[in-house]
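The values are calculated or read from the model by the stated rules, or taken from the named source; none is laboratory data. Keep in mind the model is a prediction, meaning the values are calculated, not measured. Glycine gets a Cβ as well: all are built from the backbone with ideal geometry, and neighbour counts include every protein chain shown.
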Amino acid sequence: MNKTETLLVTSPANRTFQRCVEAPILRRLGGRTPGARALEIGCGSGYGTKLIIDQFGAAAVDAIDLDPAMVARARHRLRRYHDQVRVVQGSADDLQAALGAEDSSYDAVFDFGIIHHVTNWRDAVAEVARVLKPGGQFYFLEVTAAALARASYRRFLDHPLEDRFTAGQFPAELSGHGLDPAETWRTYVGSDYLAGVAQKS
């Protein structure tokens, strides 16, 4: 992320949006995760991790982010959850290297808008599928190629531009890895954004 996006995602306004809009959407689509062992990919400053515990009811969360500055912020924010949370630096497309994550090791994985940042986004989807237990759920909020092609995104934010997914391609990729989004996914602002919950078969 560039400086502009870092300011946006760490702002009080974004935290309010996550708490009051994003988390309730995902809870409506997939329910809570009481007692779950969960993973958040791209945890940023750790506010999403906090919501996974407070609003979704997860018992323990592993959280990763590629940016060491964000990892430091998340560890500070989540210090009172020290017995429930582990925050590490690493990439969403190699969870074995980042976390030592074994196959079928999580009940739930959360993506609050990170996979569109990953150059090898299909590898990130494959990793989510690998680490989820059968019956586990992948909660996702994502930004599509339609949004990334807009002048405002291209001017102010820094994202990979090649091989970005559309609102239809992302659920199709999930299905190809045994993650069934069924009818739980929705698009917003035309086809710029999508949200859903996919269950591993």
Enumeration of residues in region 146-169 that are hydrophobic (A, V, I, L, M, F, W, C), surrounded by fewer than 20 Cβ atoms within 10 Å (Cβ to Cβ) and under 20 Å from LEU194 (Cβ atoms): ALA146, LEU148, ALA149, LEU157, LEU161
If we ask which residues in region 149-184 are under 28 Å from PHE56 (Cβ atoms), among the hydrophobic types (A, V, I, L, M, F, W, C) and touching a residue at least 24 places away in the same chain (Cβ under 8 Å), their number turns out to be 6
Any residue at all in region 103-114 that's part of a helix (DSSP H, G or I), modelled with pLDDT of 95 or more, surrounded by 16 or more Cβ atoms within 10 Å (Cβ to Cβ) and at negative phi? no
I need the strands (runs of 3 or more DSSP E) fully contained in region 33-90, keeping only those with at least 1 residues that are closer than 16 Å to GLN18 by Cβ and touching a strand residue (DSSP E or B) at 6+ places or on another chain (Cβ under 8 Å). 37-41, 60-65
Which one is surrounded by the fewest Cβ atoms within 10 Å (Cβ to Cβ) among residues in region 175-201 that are among the hydrophobic types (A, V, I, L, M, F, W, C) and over 19 Å from LEU148 (Cβ atoms)? ALA182
Mind checking which residues of region 62-115 are among the hydroxyl-bearing types (Ser, Thr, Tyr) and free of Cβ contacts under 8 Å to residues at least 60 places away in the same chain? TYR81, SER91, SER104
Quick one: how many residues across region 133-165 are among the hydroxyl-bearing types (Ser, Thr, Tyr) and within 17 Å of the chain's Cα centre (by Cα)? 2
